[in-house]
Amino acid sequence: MSTFKILVVDDEPGIRSGTKRILQNFKVDYPFMDESVDFEILEAATGEEAIEIIDAIQPDIVLLDNKLPGIQGIEVLEYIKQKAYDILVVMITSYASLELAVKATRDGAFDFIPKPFTPQELRSSLENIAKQLFLKRMTQKLNTEGKHIRFQFLSVLSHELKAPLNAIDGYLNIIKEKQMGNDLSSYMEMIDRSLERIKGMRLLILDLLDLTRIESNKPIKEFEEVPLNDIARSALDTLRPYSIQKDVNMYLNINERLTYLSDANEMQIIFNNLISNAVKYNKNGGRVDCTIKSDKDFIYIYIADTGIGIVKDDFEKIFNDFVRIKSAQTHNISGSGLGLAIVKKIVEKYKGTIDVKSKLDEGSIFTVTLPKNRT
């Protein structure tokens with residue numbers, strides 16, 4: 001059995017002892033784990049005491065109140081970020097203003113648990129946190145440990161498909177047995193939820209297939225001159241129904257026919273992912289511009305949107321595996337967290353670069369630069 005060390009930082013003795021009591025004998029177990037996870041609880045009444053324990057032990061999880069005597073919880077969070085400790089921080093506070101929430105999220109807080117919380121709420125949060133921490137640790141091992149870890153990795157993704165399948169199965173049985181009567185309108189919410197879960201599974205499977213093929217380093221038999229105009233137009237056509245649903249206008253800006261010596265499928269993945277994100281994270285009535293340019297040495301692909309934007313501290317994170325930036329605006333947006341990671345791997349395969357510029361509530365511009373000469 002594995003053990004995650006949890007440091008509870010709160011000046012209220014009742015919160016510390018209550019948390020310890022709630023999590024006593026509590027275990028987290030998922031099918032993809034070799035063994036279940038339990039928790040060892042550590043306590044700190046002040047921010048200064050918390051930093052001493054963090055430096056000495058480096059716990060796996062910190063449950064951190066902000067209102068503390070002496071240095072505040074947000075300062076402890078900043079310290080953990082500055083030291084680049086591999087610690088997952090969850091804020092537990094009844095004084096969470098919007099300003100504090102934004103700052104805490106920028107400094108790396110994984111989640112918030114409002115006080116007072118029930119035992120079930122705490123256990124449920126810790127169950128999800130433990131899963132995320134396990135996934136993060138597994139992902140970190142992928143590049144150093146071979147087939148066994150990759151098998152676990154695939155098992156995780158299989159598990160992520162199991163929950164929506166069970167939900168759809170339950171909904172279909174309710175509909176089949178007409179448990180809510182003969183009026184079709186009574187079942188529309190179940191049908192909509194099932195369709196949404198099917199869409200999420202389809203995206204996850206497609207991203208998994210792309211990631212597996214790219215990371216296998218399977219050589220392309222022969223590159224060809226791929227017409228980027230056609231690839232971009234195909235991506236826009238594919239996403240047109242989604243953009244209409246979101247009330248987002250899409251435009252292709254290119255003044256010449258451009259080709260690039262490459263694999264057409266990989267170019268399609270780049271355009272599909274970037275344009276899909278530009279629509280997905282846009283606002284109603286927004287706009288997406290796909291622009292392709294070239295000079296003597298490089299091809300430039302610009303995907304600009306008028307969407308919700310990205311904070312600067314997250315510019316690098318968004319290109320990592322399974323990373324999805326959490327905010328009030330993205331809470332109901334589904335995705336695998338693999339799309340941008342896949343794009344980056346493809347771009348780097350061509351010795352290119354991908355960058356992002358963004359402002360909150362104004363939009364983002366993703367720029368892919370591909371060298372014409374890769375020798």
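The values are calculated or read from the model by the stated rules, or taken from the named source; none is laboratory data. It should be emphasised that the depicted structure is a prediction, and the values quoted were computed from it without experimental measurement. Cβ sites come from the backbone with ideal geometry, for glycine too, and all protein chains shown count toward neighbours.
Condition check ((1) under 20 Å from Ile129 (Cβ atoms); (2) in contact (Cβ under 8 Å) with a residue 40 or more places away in the chain) across all residues:
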{"residue": "Ala45", "(1), (2)": "no, no"}
{"residue": "Ala50", "(1), (2)": "yes, yes"}
{"residue": "Asp55", "(1), (2)": "no, no"}
{"residue": "Ile61", "(1), (2)": "yes, yes"}
{"residue": "Lys67", "(1), (2)": "no, yes"}
{"residue": "Ile74", "(1), (2)": "yes, no"}
{"residue": "Leu77", "(1), (2)": "yes, no"}
{"residue": "Gln82", "(1), (2)": "no, no"}
{"residue": "Ile87", "(1), (2)": "yes, no"}
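Give the residue that is modelled with the highest pLDDT, with candidates limited to residues of the range 310-329 that are closer than 21 Å to Thr367 by Cβ and either loosely packed, with under 15 Cβ neighbours inside 10 Å or among the small types (Gly, Ala, Ser) (or both).
Applying the filter and picking the extreme gives Lys312.
Here is a yes/no grid of residues against (1) in contact (Cβ under 8 Å) with a residue 12 or more places away in the chain; (2) farther than 30 Å from Lys81 by Cβ; (3) among the basic types (Lys, Arg); (4) assigned to a helix (DSSP H, G or I):
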site	(1), (2), (3), (4)
Ala232	yes, yes, no, yes
Ala235	yes, yes, no, yes
Arg240	no, yes, yes, yes
Tyr260	yes, yes, no, no
Asn265	no, yes, no, yes
Asn284	yes, yes, no, no
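Here's the yes/no breakdown for (1) assigned to a helix (DSSP H, G or I); (2) under 24 Å from Met91 (Cα atoms); (3) at pLDDT 85 or above; (4) touching an Asp or Glu at 6+ places or on another chain (Cβ under 9 Å):
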{"site": "Phe117", "(1), (2), (3), (4)": "no, yes, no, no"}
{"site": "Asn128", "(1), (2), (3), (4)": "yes, yes, no, yes"}
{"site": "Phe134", "(1), (2), (3), (4)": "yes, yes, no, no"}
{"site": "Glu145", "(1), (2), (3), (4)": "no, no, no, no"}
{"site": "Asn166", "(1), (2), (3), (4)": "yes, no, no, no"}
{"site": "Lys178", "(1), (2), (3), (4)": "no, no, yes, no"}
{"site": "Met188", "(1), (2), (3), (4)": "yes, no, yes, no"}
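Would you call Leu274 in contact with a Leu (Cβ under 6 Å, 6 or more places away or on another chain), at pLDDT 90 or above and crowded, with 17+ Cβ neighbours inside 10 Å? Let's see the steps before the verdict.
On the way: in contact with a Leu (Cβ under 6 Å, 6 or more places away or on another chain): no; at pLDDT 90 or above: yes; crowded, with 17+ Cβ neighbours inside 10 Å: yes.
It is false that Leu274 is in contact with a Leu (Cβ under 6 Å, 6 or more places away or on another chain), at pLDDT 90 or above and crowded, with 17+ Cβ neighbours inside 10 Å.
Here is a list: Ile198, Ile231, Ile220. Which entry is closer than 19 Å to Leu370 by Cα and modelled with pLDDT under 90?
Working: Ile198 fails: closer than 19 Å to Leu370 by Cα; Ile231 fails: modelled with pLDDT under 90.
That would be Ile220, the only listed residue that is closer than 19 Å to Leu370 by Cα and modelled with pLDDT under 90.
Could you tell me whether any residue of the range 358-375 is buried (at least 19 other Cβ atoms within 10 Å of the Cβ), part of a helix (DSSP H, G or I) and at pLDDT 80 or above? Working first, answer last.
Here is the first cut: in the range 358-375, the residues buried (at least 19 other Cβ atoms within 10 Å of the Cβ) are 358, 363-364, 366, 368, 370.
So of that shortlist, the ones also part of a helix (DSSP H, G or I) come out as none.
Taking every residue of the range 358-375 in turn, none turns out to be buried (at least 19 other Cβ atoms within 10 Å of the Cβ), part of a helix (DSSP H, G or I) and at pLDDT 80 or above.
Here are the criteria: (1) touching a helix residue (DSSP H, G or I) at 6+ places or on another chain (Cβ under 6 Å); (2) surrounded by fewer than 21 Cβ atoms within 10 Å (Cβ to Cβ); (3) not β-branched (Val, Ile, Thr). Tell me which single one Pro69 does not satisfy.
Of the numbered conditions (1) touching a helix residue (DSSP H, G or I) at 6+ places or on another chain (Cβ under 6 Å); (2) surrounded by fewer than 21 Cβ atoms within 10 Å (Cβ to Cβ); (3) not β-branched (Val, Ile, Thr), the odd one out for Pro69 is (1).
So Asn253 passes all but one of these: (1) surrounded by fewer than 15 Cβ atoms within 10 Å (Cβ to Cβ); (2) in contact with a helix residue (DSSP H, G or I) (Cβ under 8 Å, 6 or more places away or on another chain); (3) polar (S, T, N, Q). Which condition number does it fail?
With (1) surrounded by fewer than 15 Cβ atoms within 10 Å (Cβ to Cβ); (2) in contact with a helix residue (DSSP H, G or I) (Cβ under 8 Å, 6 or more places away or on another chain); (3) polar (S, T, N, Q) applied to Asn253, the lone miss is (2).
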